[in-house]
Amino acid sequence: MKLVTAFFRLIRWQNLIFIVITQLLFYFCVYQPLYSSNENLHQLTWLIIASVFIAAAGYIINDYFDLNIDQINKPSQNVINKLISRRWAIFWHMSLSIAGIGATGIAVGFQKWYLIVANVVVVILLWLYSTSFKRQLLIGNIVISLLTAWTVLILFFAKVPFASAFGTTDPVTVKFFRISFLYAGFAFIISLIREAIKDVEDMEGDRRYGCKTLPIIAGIVATKVYTTVWVVVLMAALIILQLYILQFGWWWAVVYGVLVVIAPLCYLFRKHYAAHTTKEFTDLSRLAKWIMLTGILSMLFFRYYF
């Protein structure tokens, strides 16, 4: 039983559930109402499986290469070499990665081969992130943020051919495009914010093992300025979005957006400015994750209003 519990901790099962919720909401609350679709759920099921397997493999390989750093930053959370050997960690990483790519192939077939290639690239990027990118200035943060956005975009490109995605005049597809990239953009920016906060949180272990993250290279104050800029950009974009949807009479969506997304973001802005201790940055990281969840849950309003 301990081994099973350790495995689920290793693959970050809570984060995997977050991926499942995101993709289910995107399909049933955005895609399905727009296209009045009652199609077979075969593709959606396999794409979710692919996303979960590839993400789980990414978490495993990250812990595999971060073993020494995590013994300093998160000694109580590490399971590799305690309950799961490094050899088994590599085995599960490879198995889940291959299974994830295979599930992508089952979902989209060879007519959308570029999505299979894209998920192969995702697997490679997760490996490079764990071995190199996360130890470099901002590159790791950008990679993880792009992969977070891909959770939404892979469903968009599974439904809309890549060749016509950026040049279509079909009003429904244009709306689908805008909503897809709206949520992908939100996921990207909030991930950039959270990754920067986590870099401050993990400074001690990162510095000891030669990482060159933003707080180590430029200092905590510069990192706070960087994070604050992105928080302000996101708040401004969300406020403009609320003003835009008011013209459609989406009052409940606006109330939700202000109280459950923008207000916590303002709170994060204020607390981030005053944060100094590791615990404070840990709390801010959790708050950023909560804001990401509440932002994704706003997809429910599209089901209601469409």
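The values are calculated or read from the model by the stated rules, or taken from the named source; none is laboratory data. Predicted model only: the values in this text are computed from it and were never measured. All Cβ positions, glycine included, derive from the backbone under ideal geometry; neighbour counts span all protein chains shown.
Taken over the range 124-138, the criterion of being of a type in the set (A, V, I, L, M), surrounded by fewer than 21 Cβ atoms within 10 Å (Cβ to Cβ) and at pLDDT 95 or above is satisfied by ILE124, LEU125, LEU128. Considering the range 87-132, the residues that are among the hydroxyl-bearing types (Ser, Thr, Tyr) and assigned to a helix (DSSP H, G or I) include one that is farthest from ILE154 (Cα to Cα), namely THR131. Of all residues in the range 26-42, those being among the β-branched types (Val, Ile, Thr) and farther than 18 Å from TYR183 by Cβ number 0. Listed here are the helices (runs of 4 or more DSSP H) enclosed by the range 1-72 that have at least 1 residues being touching a helix residue (DSSP H, G or I) at 6+ places or on another chain (Cβ under 7 Å), hydroxyl-bearing (Ser, Thr, Tyr) and surrounded by fewer than 18 Cβ atoms within 10 Å (Cβ to Cβ): 32-35. Selection of the range 178-208 for residues being within 22 Å of PRO33 (Cα to Cα), surrounded by 17 or more Cβ atoms within 10 Å (Cβ to Cβ) and not aliphatic (A, V, I, L, M) yields SER180, TYR183, PHE186. Selection of helices (runs of 4 or more DSSP H) fully inside the range 216-306 by the criterion of at least 1 residues being within 23 Å of the chain's Cα centre (by Cα), free of Cβ contacts under 8 Å to residues at least 12 places away in the same chain and surrounded by fewer than 19 Cβ atoms within 10 Å (Cβ to Cβ) returns 220-246, 263-274, 278-297.
For (1) without any contact (Cβ under 8 Å) to a residue 24 or more places away in the chain; (2) closer than 18 Å to GLN14 by Cβ; (3) not basic (Lys, Arg), each residue gets a yes or a no:
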position: GLN43; (1), (2), (3): no, no, yes
position: TRP46; (1), (2), (3): no, no, yes
position: SER51; (1), (2), (3): no, yes, yes
position: ILE54; (1), (2), (3): no, yes, yes
position: ASN62; (1), (2), (3): no, yes, yes
position: ASN81; (1), (2), (3): yes, no, yes
position: ALA89; (1), (2), (3): no, no, yes
position: LEU96; (1), (2), (3): no, yes, yes
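Scanning the range 168-215 for residues that are more than 23 Å from the chain's Cα centre (by Cα) and among the basic types (Lys, Arg), which turns out farthest from ARG286 (Cα to Cα)? Filtering the range 168-215 for residues that are more than 23 Å from the chain's Cα centre (by Cα) and among the basic types (Lys, Arg), the one farthest from ARG286 (Cα to Cα) comes out as ARG208. Here HIS93 clears all of (1) within 27 Å of THR5 (Cα to Cα); (2) surrounded by fewer than 17 Cβ atoms within 10 Å (Cβ to Cβ); (3) not β-branched (Val, Ile, Thr) except the condition numbered (2).
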